[in-house]
Structure formats: C-alpha cells, structure tokens
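The values are calculated or read from the model by the stated rules, or taken from the named source; none is laboratory data. All values derive from a computational prediction rather than experimental measurement. Cβ placement follows ideal geometry from the backbone for every residue including glycine, while neighbour counts extend to all protein chains displayed.
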Amino acid sequence: MPSDRQAGFTLVELMITLAVLAVLLAIGLPNFQQSLRNNRVATTTNDMIAAISLARSEAIRNTRGGAICASEDGLTCGDDWSLGWIVWRDGNANGTPQANEIVRFTQGNPRMVVTGPDAPVVFDARGRVNAPVDITVRPHECGSSPMLRTLSIGVTGQVRKQAPGVCS
C-alpha cells in the first residue's frame, strides 16, 4: 500500500541545520577575515619589494639611475604611497619621472596603508641610495595582531623585511 507521506525535510530539521550553520559561520568568519588581511599584507609587501628591486636593477642597467615614488595617477610623484607607486628609469638624471621613462605602475589597495618617504627613493648607477629608507605596510583594520611590515632599504640598496610588528 502506497504511503501518503511526502519525502523531504521537516521544519524542525531545517531549523536545526540553519542553527548549526550559523554557529559554524560565527566561529569561522573572523578567522577567515584575519587570513584575508594577512594575505593582503603579504601581497602588498611582495609587490613593494618587487618594485624596489626593479627600480634598483633599472638604475644599474641604464647607468643613469632609477627611482620609485608614491603616485596616484601613474605619471607623477605624489605623497600617498597607499594610492600606488611608480618605478622609472632616470634617463636624464633629474630625479623626476618622464612619461617615456616609467617602467611600472602599481595601483594601491584601498584596504592597505603604505607609508614611505615624501621624496622619491632614488638609486644611483651602482644601485645605492643616499640615506636609509623605511617603508611600512599594514591593513586598515590592524588591531593588536602582528601585521605591520617594515621594509628597510639600506644605503647599499638592499631591501630587508623586518619581523612582523604590532600596529599602534
């Protein structure tokens, strides 16, 4: 004899499933957001190290110098590293980028805060800088977790990534 009952979930089973899912999301979502912030910091730090290395290699390659500076539009130097940065070869050795000298423009991530010097970081033909420079990278929502990265460019032009620091 056929049963008149429909196969499927009862309302109680559905509510229990939703409650379990809500608990799992409440536990997992903060950890996932922390992982996303860590990934953004690592990506921005690696992009900055690559740009610094490119500026140094361009300076050595063209023997006139190379530089990196903060830039919002990808054509001129600015003062906010969070908006982006440009790398250029300084063909006329004047310390300012010309449109035909720009090698790379990196757009900033709006969820990251990058702080660096107000002036361009200029490398001479031997890949050196005049004075040591520090550039810091951190997410907007940093809190007390160790997500602050500091890149130190020594006078020899080498980049060192310091151990993660706590944002203040």
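See the values below:
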| quantity | calculated |
| --- | --- |
| Candidate set from segment 133-152 (those that are modelled with pLDDT under 85 and among the small types (Gly, Ala, Ser)); member that is nearest to Ile49 (Cα to Cα) | Ser145 |
| Filter result for the condition that a residue is assigned to a helix (DSSP H, G or I), under 21 Å from Val159 (Cα atoms), at pLDDT 95 or above and not polar (S, T, N, Q), over Ala50, Ala59 | Ala50 |
| The one condition in (1) touching a Gly at 6+ places or on another chain (Cβ under 6 Å); (2) farther than 14 Å from Ala55 by Cα that Thr106 fails to fulfil | (2) |
| Enumeration of residues in segment 114-168 that are more than 18 Å from Leu36 (Cβ to Cβ), without any contact (Cβ under 8 Å) to a residue 24 or more places away in the chain, exposed (fewer than 13 other Cβ atoms within 10 Å of the Cβ) and over 17 Å from the mean Cα position of the chain (by Cα) | Pro132, Ser168 |
| Selection status of Ile49, on the phi < 0 side of the Ramachandran plot, touching a strand residue (DSSP E or B) at 6+ places or on another chain (Cβ under 7 Å) and surrounded by 15 or more Cβ atoms within 10 Å (Cβ to Cβ) | yes |
| Qualifying positions in segment 97-113 - farther than 21 Å from Thr150 by Cα, exposed (fewer than 15 other Cβ atoms within 10 Å of the Cβ) and in contact (Cβ under 8 Å) with a residue 24 or more places away in the chain | Ala99 |
| Of the criteria (1) within 16 Å of Asn46 (Cα to Cα); (2) in contact (Cβ under 8 Å) with a residue 40 or more places away in the chain, which one Trp85 fails | (2) |
| Extreme residue, modelled with the lowest pLDDT, among residues of segment 69-92 that are over 12 Å from Gly116 (Cα atoms) and either touching a Lys or Arg at 6+ places or on another chain (Cβ under 6 Å) or among the small types (Gly, Ala, Ser) (or both) | Gly91 |
